[in-house]
Amino acid sequence: MLRKRHSIKSKILMMSILVLMVSNITLSFFSYEVAKKQLNKKGETILQNAVDSAIQMIHIAQHSVEGGGFTSEEAQEMMKEHLIGELQTDGTRLIDPFMDLGESGYFFILSQEGELLAHPTLEGQDAWNFKDHSKKENLFIQESIEKALDGGGATYYHWFLPNSEEIERKIVYNKLDPEWG
């Protein structure tokens with residue numbers, strides 16, 4: 001009889017521990033998902049603010065063009081240098097931005113047709129059919145342009161980190177500049 005009591009107590013204890021473990025795992029999973037969504041939202045906000053600041057700088061540069069201070073080409077190159085970095089002899093730009101976007105963040109500028117007008121390593125390339133490096137192979141450039149034309153928004157994609165062969169999930173905030181496109 002004593003043995004059965006001990007066995008029942010052990011079973012109750014084991015069931016209690018199991019219920020607590022499942023509860024903790026479930027709670028941890030949901031907490032992780034909530035934290036991930038909040039971090040993604042924060043990243044989107046930071047990028048949106050950076051893009052809005054860049055567009056304000058473009059407006060100032062455009063006013064200088066209209067006032068005769070610069071040609072349109074000079075003003076656009078000046079903006080590329082401020083946002084990404086100086087053009088090197090090999091056609092690349094060192095990531096030395098005026099605005100800090102974190103360890104592996106950088107600006108790039110697209111035309112509405114998908115040409116990379118400014119990019120650290122791919123400037124001048126047609127990116128319209130670029131697929132991200134996830135299993136879904138999203139046409140992320142087309143998605144980015146669509147969001148920009150719709151007033152702005154974030155696009156998530158998988159791509160190489162700067163100066164690396166490592167592929168990571170990235171985010172870009174897309175917005176159309178009304179003056180320069």
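The values are calculated or read from the model by the stated rules, or taken from the named source; none is laboratory data. Every value quoted in this text rests on a predicted model; they were computed, and no experiment measured them. Using ideal geometry, Cβ is built from the backbone for each residue, glycine included, and neighbour counts are taken over all protein chains shown.
Below is a table of values for the structure above.
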| read-out | value |
| --- | --- |
| Among residues of the range 128-178, those that are outside any loop (DSSP other than H, G, I, E, B), within 16 Å of the chain's Cα centre (by Cα) and not β-branched (Val, Ile, Thr), counted | 19 |
| Count - residues of the range 123-156 that are of a type in the set (A, V, I, L, M), under 26 Å from Glu73 (Cβ atoms) and surrounded by 16 or more Cβ atoms within 10 Å (Cβ to Cβ) | 4 |
| Filter pass, Phe107 being among the hydrophobic types (A, V, I, L, M, F, W, C) and outside any helix (DSSP H, G or I) | yes |
| Selection count, the range 98-113, where residues are under 19 Å from Asp177 (Cα atoms) and out of contact with any Ser or Thr (no Cβ under 9 Å at 6 or more places or on another chain) | 8 |
| The lone exception for Gly85 - which of (1) on the phi < 0 side of the Ramachandran plot; (2) touching a Lys or Arg at 6+ places or on another chain (Cβ under 6 Å) it fails | (1) |
| Count of residues meeting criterion [part of a loop (DSSP other than H, G, I, E, B), closer than 17 Å to Ala148 by Cβ and of a type outside the set (S, T, N, Q)] in the range 110-126 | 3 |
| Criterion (closer than 29 Å to Glu168 by Cβ and β-branched (Val, Ile, Thr)) met by exactly one of Ile46, Ile8 | Ile46 |
| Qualifying residues in the range 70-114 (those that are buried (at least 18 other Cβ atoms within 10 Å of the Cβ) and out of contact with any helix residue (DSSP H, G or I) (no Cβ under 9 Å at 6 or more places or on another chain)) - the one farthest from Ser164 (Cα to Cα) | Lys80 |
| Some residue of the range 82-90 being assigned to a helix (DSSP H, G or I) and either without any contact (Cβ under 8 Å) to a residue 40 or more places away in the chain or under 23 Å from Lys170 (Cα atoms) (or both) | yes |
| Every pair of residues 6+ apart whose Cβ atoms lie under 7 Å, when the first sits in the range 159-181 and is under 30 Å from Ser72 (Cβ atoms) and touching a residue at least 24 places away in the same chain (Cβ under 8 Å) while the second is of a type in the set (S, T, N, Q) and in a strand (DSSP E or B) | Val172/Thr155; Asn174/Thr155 |
| Pair list, Cβ < 6 Å and 6+ apart or interchain, from the range 117-128 residues that are closer than 14 Å to Thr89 by Cα and modelled with pLDDT under 95 to residues that are of a type in the set (Phe, Trp, Tyr) and part of a loop (DSSP other than H, G, I, E, B) | Pro120/Tyr106 |
| Among the residues listed as Met57, Met15, the single one being aliphatic (A, V, I, L, M), surrounded by 10 or more Cβ atoms within 10 Å (Cβ to Cβ) and in contact (Cβ under 8 Å) with a residue 24 or more places away in the chain | Met57 |
